[in-house]
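Here's the structure, in structure tokens; my notes come after.
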Amino acid sequence: MEYKDIIYKSPVKHGLINHEKTYKDFQWEDVKKYFEHFTDEGVNIAHEAIDRHATNSYKNKIALLWEGEGNIKKQYTFLNVKAQSDKLANALKNLGVEKGDRVFLFLPRIPELYISIIAIAKIGAIAGPMFSAFGPEAVKDRLLNSEAKVLITTPELNQRVNEIKEDLPMLKHILLVGAKDNLKKNEISYESEINKASESFKIKWVDPEDYLYILYTSGTTGKPKGVTHVHNDMISHYITTKWALDLREDDIYWCTADPGWVTGTVYGTWGPWLNGISQVVYNGRFDAEQWYSIIKKYKVTVWYTAPTALRMLMKAGNEIIKKYDLSSLRYICSVGEPLNPEVIKWGLKVYNLPIHDNWWQTETGSIMISNYPSLPIKPGSMGKPFPGICAKIINTKGKELSPGKHGLLALKRGWPSMLREIWKDKKKYDEYFCVSGWYTTGDTAYMDDDGYFWFVGRADDVINTAGHRVGPFEVESALVEHKAVAEAGVIGIPDTERGEIIKAFIVLNYGHKPSPELKKEIQKFIKKRLAAHAYPREIEFTKDVPKTRSGKIMRRLLKARELGLPTGDISTLEEG
Ligand code: ATP
Ligand code: MG
């Protein structure tokens, strides 16, 4: 489904002014000049993101505007973040943490989480951020697989760790943020270690290829993989933040993602700080009014969020928007799932701004395909490849397919933030590179005549019905155009006659009730909107569709439940 209504833009004066020209001339090597210490002595991303700002004119600039539930607020300048992370780095060193050791983070989005990410990098150790909503098994899997030496958590979350601690012989210390007393064996108070630690820390210069973080993928298609990234990623972090998110010196930026998801680590920590940007972190649950009040209160100018959040905001209605002055907003981006054209249309109406979709993965380490400030938007398209990224649609033999043809989305290997390892799983890593010269993404897509990329589906999700290949996204996007439909998850289920038939799980908008008539009406709507073969023969109304903690519809779980098959790893399932 391709929308004809292209959103044209007026000329821009900042950032990526001319995508076509920059794409032709761009060299990754040229980005290094923006860093202060990309030298033979070694590099450190924490120096570029925090320390150098703390010694230049940005030192008293706000790095972090933090708000927790219940209206608690804190502010940190770049100098404050440097001082705190230096102390923590010393504390970790005192505990025996060395370069290459894994330090895992099981924390809510509190300031200590961000300070820890910086401090760990400063010693050349490897950070492993995890969602604070994970249950004991999810935590155990990740700590076991990574052989983490230290865990930083809170006393509340530590109760879940207590259930599994016996099974983790490699875990030497647990640092507890906000512990009162009653510390057990191996448990240490974060605050008392920080208080003891010296303020002066000499950063560890590392090789650009030394490891920086391990993040487990979202688990949308199967068991999460331990994707491992290096300090060299800073090249991609810096320039993609500048050009795809369009961040500029005076911006107040809000990335709604948790660092347990790669978006929160790369674009909620490193990217903005490498650019010396003030960022907002809200540590609270999703709530439409609360979110709008954050934008209003902090005068957020650039907002990076996800389709699932935008669909929830759409569901919350247009009336509440009128209560909040959102006029500070100038640029909105989205990632994580296909962005339904209907959501872009709605955004234009209520925020008076287009939403810029971009595509990337935990494995790619930074934005690969994006809509830019200067590029007309074709709603439903992920945009065009970032300068320095060669993206193509290929078949399984590596042959490039012509525009309009569906195939594998692949990237020429070798950009700065490409994954370096699937932690301790060489076989899994090699699978990404099974087509010679290419990194294969596992997504199906096509490119149009103008070079825009369009997402079709996860390779495993594409439905084959009566000889037609149908991507669940196009059906879901058409469904949410119906006034009664708030959200939809679409799968193929086996059918003797047609191979597969399309089944849709539908969450209704407020004020609409399930009925056989509504089912028929929706089916008719899709037949007209898409094609006769693409309409869902089966519809089930449901209260919600299962999602990962990063907000992605878990179609494999819908399918497993539907067919009575084992549900597999559901450690990342968001519980309703
Ligand atoms: P797993 O690999 O464990 O199944 P995951 O692929 O969901 O989980 P992430 O790395 O968080 O883990 O997500 C990357 C995937 O998200 C992409 O491969 C793609 O399928 C989807 N995605 C991200 N951005 C977009 C987008 N703008 N449009 C469509 N799909 C997107
Ligand atoms: Mg994936």
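So the values come out like this:
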read-out: Test: residue in the stretch 404-413 that is surrounded by fewer than 21 Cβ atoms within 10 Å (Cβ to Cβ) and under 30 Å from ASP210 (Cβ atoms); value: yes
read-out: Residue list for the stretch 432-443, filter: crowded, with 16+ Cβ neighbours inside 10 Å and more than 13 Å from ligand 2 (Cβ to nearest atom); value: VAL435, TRP438
read-out: The stretch 222-232, residues that are assigned to a strand (DSSP E or B) and away from ligand 1 (no atom under 16 Å from the Cβ); value: VAL230
read-out: Residue identified as open to solvent by less than 20 Å² (accessible area, probe 1.4 Å) and in contact with a strand residue (DSSP E or B) (Cβ under 9 Å, 6 or more places away or on another chain) among PRO472, PRO494, PRO514; value: PRO472
read-out: The stretch 356-367 residues that are outside the structural domain of TYR211 (by TED's automatic domain parsing) and away from ligand 2 (no atom under 15 Å from the Cβ), paired with ones that are in a strand (DSSP E or B) and open to solvent by 10 Å² or more (accessible area, probe 1.4 Å) (beta carbon under 8 Å, 6 or more apart); value: none
read-out: The lone exception for LYS315 - which of (1) closer than 22 Å to SER116 by Cβ; (2) away from ligand 1 (no atom under 13 Å from the Cβ) it fails; value: (1)
read-out: Test: residue in the stretch 450-467 that is buried (at least 22 other Cβ atoms within 10 Å of the Cβ), away from ligand 2 (no atom under 15 Å from the Cβ) and not in a strand (DSSP E or B); value: yes
read-out: Members of the stretch 205-256 that are open to solvent by 10 Å² or more (accessible area, probe 1.4 Å), closer than 21 Å to SER370 by Cβ and within 16 Å of ligand 2 (Cβ to nearest atom); value: THR217, SER218, THR220
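The values are calculated or read from the model by the stated rules, or taken from the named source; none is laboratory data. None of these values were measured; they are calculated from a predicted model. When we count neighbours, we look across all protein chains shown, and the Cβ atoms used for this are built from the backbone with ideal geometry, even at glycine. For accessibility, only protein heavy atoms count, side chains too; no ligands or nucleic acids. Shrake-Rupley method; radii C 1.70, N 1.55, O 1.52, S 1.80 Å.
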